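J.: Dropping the structure in here first, questions after.
The values are calculated or read from the model by the stated rules, or taken from the named source; none is laboratory data. Computed from a prediction, not measured in an experiment: that's the story for all the values here. Neighbour counts run over all protein chains shown; Cβ positions are idealised from the backbone, glycine included. Ligands, DNA and RNA are stripped out before the accessible areas are found, and what is left, the full protein with its side chains, is counted by its heavy atoms. Shrake-Rupley method; radii C 1.70, N 1.55, O 1.52, S 1.80 Å.
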Amino acid sequence: MKIGGAAVVLVSSFLAWLHIQVPQGDLVRHGTANGYDFTFTGAIPVVLAVAVGAVTVLLAIGRIPRHRPPWPLASLLAAALATALLLVRLIMNPYDRRADLVELGGSVSRSIGMFIAAAGGLLVFVGSIIAFRQARRERANELVDSAQLAWAPESAPFQPPAFPPPTPPSS
């Protein structure tokens, strides 16, 4: 899910995120903006999502160690930040100079690339949540298994130590 979401975010970053129309006399000029036209809420989330996908692939093929640093947590934080930035771009003002365009009679509207990028970011985030929870379960099971091995004797089941009988009360 994380790899697929990262691929969706990467591909959608090249699609049109905004459609801009500006009247010039009798003509109307059209333009588009993609994800790389917005550094903080466009390019940075793309890099974060692709990094989460790359770490997932490298963990799956065994190229990087599993527990140092804690990759599931790092992936979850990166995916959360990427998704938040993509949603900010989607929900808030999609273009900084929108007021100037409207004053000139122009318009700015969101395009399909922005919606696809937000959906891909959500996929990366949900996949990171699932992977983080799975890693926590696996780590807890490892700790329980190691604790049982450390405390359980291998030859016989647990028996309480023998204590001497209590002394009878004196009269």
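J.: Could you provide, to the nearest whole Å², the per residue accessible area of the chain with probe 1.4 Å?
T.: 67 Å²
J.: Oh, and also: Hey, if you put +1 on the Cβ of every Lys and Arg and -1 on every Asp and Glu Cβ in the chain, which of Pro168, Gly121, Ser75 ends up farthest toward the positive end of that dipole?
T.: With unit charges placed on the Cβ atoms, the residue in question is Pro168.
J.: Can you pull the semi-axes for the chain, root of five times each eigenvalue of the Cα gyration tensor, sorted largest first, whole Å?
T.: 60, 18, 9
J.: Compute, for the chain, the length of the dipole vector about the Cα centre, with Cβ point charges of +1 (Lys, Arg) and -1 (Asp, Glu) only. Units Debye, rounded to 20.
T.: For this selection, approximately 140 debye.
J.: Springs between alpha-carbon pairs under 10 angstrom, Gaussian network model over the chain: which of Leu73, Leu85, Leu143 fluctuates most?
T.: Of Leu73, Leu85, Leu143, the most mobile in the Gaussian network model is Leu143.
J.: Given the peptides 129-138, 4-13, arrange them by the average over their residues of other C-beta atoms within 10 Å, most packed first.
T.: Going from most to least packed, we get 4-13, 129-138.
J.: State the percentage of accessible surface on the chain attributable to carbon and sulfur atoms; use a 1.4 Å probe and exclude ligands, DNA and RNA.
T.: Looking at the chain in its full context, I get 66 percent from C and S.
J.: Quick check on packing: order 162-170, 44-52 by the mean number of other C-beta atoms within 10 Å, highest mean leading.
T.: 44-52, 162-170
J.: What does the extension gain come out to for Gln24 and Ala140, with contour length at 0.36 nm per residue minus their alpha carbon separation?
T.: Answer, rounded to one decimal: 35.3 nm.
J.: Taking the Kirkwood radius as the inverse of the mean 1/r across Cα pairs, report the Rg/Rh of region 1-40.
T.: Taking Rh as the inverse mean 1/r over Cα pairs, Rg/Rh reads 1.22.
J.: Along Cα→Cβ, 7 Å out, is where each label goes; now give me the distance between the ones at Leu73 and Leu15 in nm to one decimal.
T.: That separation, rounded to one decimal, is 3.6 nm.
J.: Okay, helix-only estimate at 222 nm for the chain: each DSSP H run of n ≥ 4 adds -39500 (n - 2.57), divide by all residues, round to 500 deg cm²/dmol; what do you get?
T.: -19000 deg cm²/dmol
J.: Follow-up. Of Pro72, Pro161, Pro23, which is the most mobile in a GNM of the chain whose springs link Cα atoms less than 10 angstrom apart?
T.: Maximum fluctuation in the GNM of the chain, among the listed residues, is at Pro161.
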